[in-house]
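Read through the structure below, which is laid out as structure tokens, and then see the notes.
The values are calculated or read from the model by the stated rules, or taken from the named source; none is laboratory data. Just so we're clear, the structure is a prediction, and the values are computed from it rather than from any experiment. FYI the Cβ positions are ideal-geometry reconstructions off the backbone, even for glycines, and counts take in every protein chain you see. For the accessible areas, the whole protein counts, side chains as well, though only heavy atoms, and no ligand, DNA or RNA atoms are used. Shrake-Rupley method; radii C 1.70, N 1.55, O 1.52, S 1.80 Å.
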Amino acid sequence: MANPYDVERSWPDYFLEHRRLTVEREGTYRCGDLPVWTVYCPAGFLGNSIVIEGDDGLIVYDTGVNMEAGEVVAAEIRKISGKPIRAVFYSHHHTDHYNGTAALVDRSAVEAGDVHIYAWSNFEVERANEFGEIAGRQAMGVAYYGGAFLPPEELHHHGIGTLPAQGAAGFIPPTKLLAGDEVLTIAGVELRAFYTGGEAISEFGLHIPEFDMVIIADEFFTGIPNMHTIRGSKPRVPDNYLTALDRVREIRPEWLLGTHIIPLEGKEKIVETVTRYRDATQYLWDQSIRLINKGCTPVELQHALKDLPEEVWDPPFTVPMYGVPFTSVPEFFTGWVSWFSGDSTDLFPSEPAVRARRFAELMGGVDAVVEAAKAHHRAGEHQLAAELAQLALRADPGHEDARLIKAAALRAVGYQQLNPIARSWYLTGALELERAFDPGEVLAQMSRIIRADQSGPETVRGWRYRLDAGKAAGHTRVVGLRFTDSGDELTLRVRHRVLVVEEGLADDREALVETTADVLGSARTVEGDDRAWESLTGLLDLEVTGFAMHMR
């Protein structure tokens, strides 16, 4: 059923032009006569793969967002060369860079040492942290920010490709970890690995002197860097982006490749383009710090720095098509100062629903608030309309008109957005309010893409975050767990409403159970109290449930 308050679909002029300059140029690009190719936006998805042909084999830098993308890369490789893949590099721990690997190489070849997979030393730790512990919230965030559930007629893109709504993961763990800048020779090609750490703290690039080439991973995009991602992440360090980009400027390569760009050729062009890009990055960081030190709060930063200076505007690179100032600069406050604005009124505020009901009463009741939201929506004041409708919905979650007017207002704001990520979040939020999708199904689909493949012991170590503290009140348990498939032994200890997972088997255990990774729920007690395991696992909150972002 159509929303009676909807506005006509529209796009800012450059939004569709950027799509033509990026995702619609999907294909494989060779770097002149050099034996180096970029498979750009394989299957239309974000996340390039770079193929380097050496004397007796191939080197692949990143493998795509899922197996479908990986299969496209594999097909392109077969057109390029019949030589075997000798090495794979994972530029960093974000999922669009390694989930196509199993389409390119056999796990058995990796296990046998015929193919080496390189990553930075903190790759696994960062991957588990970002996509393991908070995988549920990340999965929902990815769905909203990536446009994966928007209808085709929205012509959505991510600024750097498109994001799939589903797909199998083909991740194979790295076998060789880099702990510092290092020179490698693989298949006769000298590769100088150097740390960058901007877009991801596990990120690194490659300098190939023989080809006068730099591969810079995710430190240079078709769009300013996403120095904070609203899907959720730990703070990203702006100076790391600057260091990475300055490294490119120092090397002055003839070719610049990346995991979200079509290859750039020409020393002067590269230096000029990269300089403008890095200066836009520094501008946002430095001016945010200047204004923070003058007392600006996150929202005040958003309004003060909402636009890029015209002298750095440089399509398709230095444009707000991946990062955008109004989503990056608030994080410079929350990440480096605090979540707290400084006004003690905000230290421990009223519960949102309680405050909304009181405010609505003062404004003449929920219906009066909704009518005001409609009036502002008709007047083109869509943000204020959405804020009023949000207040009404929090006061009365069942108010149908409040739900529909908020959806229409958010959609109207979304249509005004040039930035694809912001646009996607507004439009997906409108669909949520219109009950166009089931949040639980969204969570399930996106979790299959981003959730880190975990061994049995890794899964159990993550149970500390699944303990239901209410159920655990008054409980004390100590259970040993042995994995018969891997030989790993752990002790699970419940006390004081926390679950502590220890390596090895504790002497004071009540029971010992044995299991394998694929049958964790039906472990077999081999020693001690045969009710201990069931009692302990009964304290866990293992239900995976979707949740609303806008109905709250």
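Structure summary
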{"read-out": "Selection from 515, 349, 97 lying farthest towards where the dipole of the chain points positive, charges on Cβ", "value": "349"}
{"read-out": "Environment charge of residue 312, counting only residues whose C-beta is closer than 11 Å and scoring Lys/Arg +1, Asp/Glu -1", "value": "-3"}
{"read-out": "Label-to-label distance, nm, for residues given as residue 475 and residue 552 (7 Å Cα→Cβ offset)", "value": "2.5 nm"}
{"read-out": "Solvent-accessible area, 1.4 Å probe, carbon plus sulfur percent, for segment 97-192", "value": "49 percent"}
{"read-out": "Residue (of 291, 241, 214) at the positive-pole extreme of segment 205-350, dipole from beta-carbon charges", "value": "291"}
{"read-out": "In sequence order, calculated HN-Hα J values of segment 224-229 (Karplus, 6.51, -1.76, 1.60; Hz; x Gly/Pro)", "value": "4, x, 8, 5, 9, 9"}
{"read-out": "Accessible area (Å², per residue) of the chain, counting only protein heavy atoms and a probe of 1.4 Å", "value": "42 Å²"}
{"read-out": "Environment charge at residue 516 (Cβ cut-off 11 Å; Lys +1, Arg +1, Asp -1, Glu -1)", "value": "-2"}
{"read-out": "Residues with amide H under 5 Å from that of residue 319, placed H, sequence gap 5 or more", "value": "223, 224, 314"}
{"read-out": "Cα centroid of segment 1-31 to Cα centroid of segment 367-386, whole Å", "value": "28 Å"}
{"read-out": "Pairwise label distance in nanometres, residue 368 with residue 10, each label 7 Å out on the Cα-Cβ vector", "value": "3.3 nm"}
{"read-out": "Pairwise FRET efficiency - residue 485 versus residue 535, Cβ, R0 = 22 Å, nearest 0.05", "value": "0.35"}
{"read-out": "Reduced Cα scattering model of segment 278-387, Debye log10 I(q)/I(0), q = 0.18 Å⁻¹", "value": "-0.99"}
{"read-out": "Paramagnetic label zone (point 7 Å from Cα along Cα-to-C-beta, residue 416; backbone N under 14 Å) in segment 368-391", "value": "376-388"}
{"read-out": "Helical mean residue ellipticity (222 nm; -39500 (n - 2.57) per DSSP H run of 4+; nearest 500) of the chain", "value": "-11000 deg cm²/dmol"}
{"read-out": "Nonlocal Lys pairs with alpha-carbon distance under 24 Å, the chain (8 or more apart, or different chains)", "value": "5"}
{"read-out": "Computed FRET value (nearest 0.05) for residue 358 with residue 387, which takes r as the C-beta separation and R₀ as 22 Å", "value": "0.85"}
{"read-out": "Accessible-area composition of segment 244-344, carbon plus sulfur, in percent [1.4 Å probe]", "value": "48 percent"}
{"read-out": "Simple Cβ-charge dipole of the chain, Lys/Arg +1 and Asp/Glu -1, about Cα centre, in debye nearest 20", "value": "1040 debye"}
{"read-out": "Span-rule helices in the chain, defined as complete DSSP H runs reaching 24 Å or more along the axis (Cα) with Kyte mean at least -0.5", "value": "none"}
{"read-out": "Dipole magnitude of segment 24-84, debye to nearest 20 (Cβ charges: Lys/Arg +1, Asp/Glu -1, about Cα centre)", "value": "80 debye"}
{"read-out": "Calculated log10 I(q)/I(0) by the Debye sum over Cα atoms at q = 0.08, 0.12 Å⁻¹ (choose from (1) -0.61, -1.24; (2) -0.62, -1.06; (3) -0.67, -1.18), label", "value": "(1)"}
{"read-out": "The chain - percent relative contact order, Cα under 8 Å, separation 6 or more", "value": "13 percent"}
{"read-out": "Projected label distance in nm at residue 303 and residue 497, using a 7 Å step from Cα toward the beta-carbon", "value": "4.0 nm"}
{"read-out": "Segment 341-468: radius of gyration and largest Cα-Cα distance (Dmax), Å", "value": "18.9, 57"}
{"read-out": "Sum of side-chain charges, residue 272 neighbourhood, beta-carbon under 12 Å (Lys, Arg +1; Asp, Glu -1)", "value": "+3"}
